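The values are calculated or read from the model by the stated rules, or taken from the named source; none is laboratory data. Worth saying up front: this structure is predicted, and the values here are computed from it rather than measured. Cβ: placed from backbone, ideal geometry, glycine included. Neighbour counts: every protein chain shown. Accessible surface is based on the protein model in full, side chains and every heavy atom, while ligands, DNA and RNA are left aside. Shrake-Rupley method; radii C 1.70, N 1.55, O 1.52, S 1.80 Å.
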Amino acid sequence: GAADRDYGYAVAVQADGKIVVAGQCYNDSGGIDFCVARYSSAGVLDAGFGAGGKVITPIGALVGYAYAVAVQADGKIVVAGHCSRNDYDFCFARYEP
C-alpha cells in the first residue's frame, strides 16, 4: 500500500510493554483496510508481528477504518471501526497473539 497515507487512530499497550496501533492502510488496489501495527517498547516496528510489523485486514465491501483497539488478557488484539463508505457499518476483528 501507500505507506505515506496510512493512519493510526488508536493505541493500546500489551502486558509486555509492546505498543499496538490500529488504523487504516491503503492496499495495493487503492482501497482502505483495517491495519494493525505493533512496536517494541522502544518504538521500533516488531518484525515478528504480521509482515514487517503490520497486519492489513481487508474488511467490508469498500473500506475499513479501525478506530479502537484493546488487548485481551490472553494477548488477543481486538479492533473495531467501520467498514462501508456510505453506510458506516460496524466491523470488528480479533487477532491471535
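On the given criteria, is residue 16 part of a loop (DSSP other than H, G, I, E, B), touching a Pro at 6+ places or on another chain (Cβ under 9 Å) and open to solvent by 70 Å² or more (accessible area, probe 1.4 Å)?
Considered against the rule, which asks whether it is part of a loop (DSSP other than H, G, I, E, B), touching a Pro at 6+ places or on another chain (Cβ under 9 Å) and open to solvent by 70 Å² or more (accessible area, probe 1.4 Å), residue 16 comes out as no.
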| note | When restricted to 88, 95, the only residue of a type in the set (Phe, Trp, Tyr) and touching a residue at least 24 places away in the same chain (Cβ under 8 Å) is 95
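Might you let me know whether segment 67-86 holds any residue that is in a strand (DSSP E or B), of a type in the set (D, E, K, R), out of contact with any His (no Cβ under 9 Å at 6 or more places or on another chain) and closer than 20 Å to residue 30 by Cα? Even if it seems obvious, please write down each step before you answer.
Start the filter on segment 67-86 by keeping residues that are in a strand (DSSP E or B), which leaves 67-71, 77-82.
Restricting the remaining residues to those that are of a type in the set (D, E, K, R) gives none.
The answer is no; no qualifying residue exists.
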| query | Looking at (1) crowded, with 16+ Cβ neighbours inside 10 Å; (2) within 20 Å of residue 96 (Cβ to Cβ), which is the one condition that is false for residue 26? | reply | (2)
| request: Would you check which residues across segment 19-58 are of a type in the set (Ser, Thr, Tyr) and assigned to a loop (DSSP other than H, G, I, E, B) and list them? | output: 29, 40, 41
| said: Regarding segment 50-66, can at least one residue be identified that is without any contact (Cβ under 8 Å) to a residue 12 or more places away in the chain and out of contact with any strand residue (DSSP E or B) (no Cβ under 6 Å at 6 or more places or on another chain)? | reply: yes
| field | Filtered residue count, segment 29-51, keeping only those that are small (Gly, Ala, Ser), surrounded by 11 or more Cβ atoms within 10 Å (Cβ to Cβ) and under 14 Å from residue 6 (Cβ atoms) | value | 3
| request: Report the residue count in segment 4-13 for those that are crowded, with 16+ Cβ neighbours inside 10 Å and either over 17 Å from residue 80 (Cα atoms) or of a type in the set (Asp, Glu) (or both). | output: 1
